[in-house]
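Taking it in order: structure first as structure tokens, then the write-up.
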Amino acid sequence: DLGPYRHFMQKEIHEQPRALADTLEGALNSQLNLTDLWGTQAPEIFKDVDSVLFLASGTSHYATLVGRQWLESIAGIPAQTELGHEYRYRDSIPNPRQLIVTLSQSGETLDTFEALKRAKELGHEYTLSICNVAESAIPRASALRFLTRAGPEIGVASTKAFTTQLAALYLLAISLAKAQGRLDADAQAGHLDALRQLPGSVQHALNLEPQIQGWAARFAGKEHALFLGRGLHYPIALEGALKLKEISYIHAEAYPAGELKHGPLALVDSNMPVVVIAPNDRLLEKVAANMQEVHARGGELYVFTDADSHFSASEGIHVLRLPRHTGLLSPVVHVIPVQLLAYHAALVKGTDVDRPRNLAKAVTVE
Ligand code: F6R
């Protein structure tokens, strides 16, 4: 049932405040009870863990690129991430104290499932699945599991599964910090409070839909687009580029903004729209310098920033402001406008938004 929406993707984008609230409910109500959240073995395993390896594919992989940074900055635990289909075919050095974390919306993605099996063959026993489908293969094969409560995701392009995965990853970072004695009561209260505000911040971002629709109309006539971000927002640039190519078939690439000078700047001219994820964080001035490099070469900038940053629109620089900066959780809010941009660009192009060509919802073959 689509209700007032035209496509499942649009409905699922708008369901994100609710999906996040549902996913976070258990943690907020239990004051971060590790056993309730992750399973009976969690306190013991989390205490012993010395590092984390994330395994996933596609959009779920992009969530891990954010999660890895949260783990290191919040829990102080070294974390790496790898695509499942790369990990399973290479020689790697197993470490029995490493926690293997798989992320999968469907729980049936073969590349991720086979990577988990490979990790277990190598002797890994600390396995954790973050998944949106309870009775699926990947959580069943894992020692610990966390179910996101996004509800069924029908649109092929993943949206609400991604943001709820991010919520789960934030919970993982604070849970590991707690288990290892690195989270005092005040810090825990602060993180839980930030999570409590998150659905509201996402709703504010959704309210920008009419303005984003205006931008999308300009994209639909383009053949290429660049997405830039830094730090926690580089994965959001990747996700924005993936959404755009998947459903509108516009060729899009994402780079960490600092990489621009090392090659991609050669692509920039007046036909190249450049989307910049530029929240008001400690990298803002660095991103601003990168924007200047694009502007000087005639590239058209589409900038998503926060209410309190100093950017202003001018010739060739379009600026949309999200209402408030949400600190470490900012990627969850800043992904909303790039989802909407892709959706509306696809609408203008008239593609089959919910069932883009050549793609399947769950990739159960290699
Ligand atoms: C992109 C998308 C895919 C999936 C990927 C993994 O919009 O949906 O990239 O994220 O195929 O799927 P899951 O999360 O089910 O393992």
For this session: Test I138 against the criterion of being more than 17 Å from the chain's Cα centre (by Cα), within 19 Å of D50 (Cβ to Cβ) and not basic (K, R), and give yes or no.
Result: no
Exercise. Looking at H61, is it closer than 23 Å to A161 by Cα, within 16 Å of the ligand (Cβ to nearest atom) and in contact with a strand residue (DSSP E or B) (Cβ under 8 Å, 6 or more places away or on another chain)?
Worked result: yes
Exercise. Given P279, P337, P356, which one is assigned to a loop (DSSP other than H, G, I, E, B), open to solvent by less than 10 Å² (accessible area, probe 1.4 Å) and either at pLDDT 95 or above or away from the ligand (no atom under 16 Å from the Cβ) (or both)?
Worked result: P279
Exercise. Could you list, in sequence order, the residues of segment 49-94 that are touching a residue at least 24 places away in the same chain (Cβ under 8 Å), open to solvent by 20 Å² or more (accessible area, probe 1.4 Å) and farther than 22 Å from D111 by Cβ?
Worked result: D50, Q69, S73, I74, G76, P78
For this session: Would you check which residues across segment 33-82 are farther than 24 Å from A185 by Cα and not in a strand (DSSP E or B) and list them?
Result: S57, G58, T59, S60, H61, Y62, A63, T64, L65, V66
Problem set entry | Which listed residue is part of a loop (DSSP other than H, G, I, E, B) and either open to solvent by 30 Å² or more (accessible area, probe 1.4 Å) or modelled with pLDDT of 95 or more (or both), from K222, K286 | K222
Problem set entry | So V274, is it under 30 Å from I154 (Cα atoms) and either of a type in the set (F, W, Y) or open to solvent by 40 Å² or more (accessible area, probe 1.4 Å) (or both) | no
Problem set entry | Yes/no for T127 being in contact with a Lys or Arg (Cβ under 8 Å, 6 or more places away or on another chain), under 22 Å from Q41 (Cβ atoms) and open to solvent by less than 10 Å² (accessible area, probe 1.4 Å) | yes
Exercise. Right, D22: crowded, with 17+ Cβ neighbours inside 10 Å and either touching a residue at least 12 places away in the same chain (Cβ under 8 Å) or not in a strand (DSSP E or B) (or both) or not?
Worked result: yes
Seminar exercise, completed: Taking segment 136-155 and keeping residues away from the ligand (no atom under 16 Å from the Cβ) and part of a loop (DSSP other than H, G, I, E, B) leaves A143
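Here is a yes/no grid of residues against (1) at pLDDT below 95; (2) within 16 Å of the ligand (Cβ to nearest atom):
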{"site": "R230", "(1), (2)": "no, no"}
{"site": "E246", "(1), (2)": "no, yes"}
{"site": "A254", "(1), (2)": "no, yes"}
{"site": "A296", "(1), (2)": "yes, no"}
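Listed here are the residues, each with its yes/no results for (1) basic (K, R); (2) part of a helix (DSSP H, G or I); (3) more than 21 Å from the chain's Cα centre (by Cα).
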position: E125; (1), (2), (3): no, no, yes
position: L128; (1), (2), (3): no, no, no
position: A157; (1), (2), (3): no, no, no
position: S175; (1), (2), (3): no, yes, no
position: L192; (1), (2), (3): no, yes, no
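Every residue, every condition in (1) over 30 Å from L34 (Cα atoms); (2) surrounded by 20 or more Cβ atoms within 10 Å (Cβ to Cβ), yes or no:
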residue	(1), (2)
I174	no, yes
R182	no, no
G190	no, no
V202	no, yes
L226	yes, yes
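The values are calculated or read from the model by the stated rules, or taken from the named source; none is laboratory data. Keep in mind that this is a model prediction, so the values were computed, not measured. Every residue, glycine among them, receives a Cβ derived from its backbone with ideal geometry; neighbour counts consider all protein chains shown. Accessible surface areas use protein heavy atoms only, side chains included; no ligands, DNA or RNA. Shrake-Rupley method; radii C 1.70, N 1.55, O 1.52, S 1.80 Å.
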